[in-house]
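Please read the structure below before turning to the comments.
The values are calculated or read from the model by the stated rules, or taken from the named source; none is laboratory data. These figures come from a predicted structure and were not determined experimentally. Cβ sites come from the backbone with ideal geometry, for glycine too, and all protein chains shown count toward neighbours.
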Amino acid sequence: MVPLLPKNTDQRVVLQGSWEKFKLIQQASEDSPGVRLAYYDGTIEILMPGEAHEFFAHVIGYLLTTFFLERGILFKPTGAKTQEQEGKASAQADISYCIGDFKPIPDLSIEVIFSSGGNKLARYQALGVPEVWFWEDGTLSLYHLRQDGYERVEHSELIGLDQLDLDLLKRCILMAETDFAEAVKVFRQGL
């Protein structure tokens, strides 16, 4: 039997502070790959993702990239790029994508959640990210930005991704935990 992933080993620190303090921490951590920083409403979050966190982020990214390529959808993977609204909010999603051309703020940001903290949707709303997905406890939750905030949706409303079979995606993400190659094979066959 193939061993399951280790338990979550994320390390997360939350501090209160100004935008200026956040920018100093951001500057000091530039030479620390893997550290993710976020800021919103006086709260600074420092996350050092563990192995399981990174695994699920990679799997989701690989499957979505496969979907885009198989369907001929023009996209730009922007990974964990820093998304900022000067003085207001900053985030580094686990995975992000621009659909079509490159944009300063990606169309889709995806977060793998192992520990709660901060108001992630409010942060992404301040940034103007059209759609945010959360992978948490084996479940994928999608939120689309409306005029008055995010609304939970059952299917993506982004062009191209509106054709994605989310049940297939979820099943293959979970399958990848024990057999990544088989998960990719099943996903491709389902497309």
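Scanning the range 138-191 for residues that are of a type in the set (D, E, K, R) and touching a strand residue (DSSP E or B) at 6+ places or on another chain (Cβ under 8 Å) yields a count of 5. A count restricted to the range 147-160 and to residues that are outside any loop (DSSP other than H, G, I, E, B) and either farther than 28 Å from Gly72 by Cα or not β-branched (Val, Ile, Thr) (or both) stands at 4. Would you be able to say whether some residue in the range 117-130 is within 20 Å of His53 (Cα to Cα), in a strand (DSSP E or B) and within 13 Å of the chain's Cα centre (by Cα)? The answer is no, given that none of the residues of the range 117-130 is within 20 Å of His53 (Cα to Cα), in a strand (DSSP E or B) and within 13 Å of the chain's Cα centre (by Cα). Within the range 161-177, the set of residues being at pLDDT 95 or above and not in a helix (DSSP H, G or I) comprises Leu164, Asp165. Asp167 - would you say it is farther than 13 Å from Phe67 by Cβ, more than 15 Å from the chain's Cα centre (by Cα) and not hydroxyl-bearing (Ser, Thr, Tyr)? Judged against the criteria, Asp167 is a match.
From the list Ala126, Ala183, the one residue that fits, being touching a residue at least 60 places away in the same chain (Cβ under 8 Å) and touching a Cys at 6+ places or on another chain (Cβ under 7 Å), is Ala183.
Scan the range 139-146 and give yes if some residue there is more than 30 Å from Ser18 (Cβ to Cβ), in contact (Cβ under 8 Å) with a residue 40 or more places away in the chain and either in a loop (DSSP other than H, G, I, E, B) or not charged (D, E, K, R) (or both), otherwise no. No, there is no match, as no residue in the range 139-146 is more than 30 Å from Ser18 (Cβ to Cβ), in contact (Cβ under 8 Å) with a residue 40 or more places away in the chain and either in a loop (DSSP other than H, G, I, E, B) or not charged (D, E, K, R) (or both).
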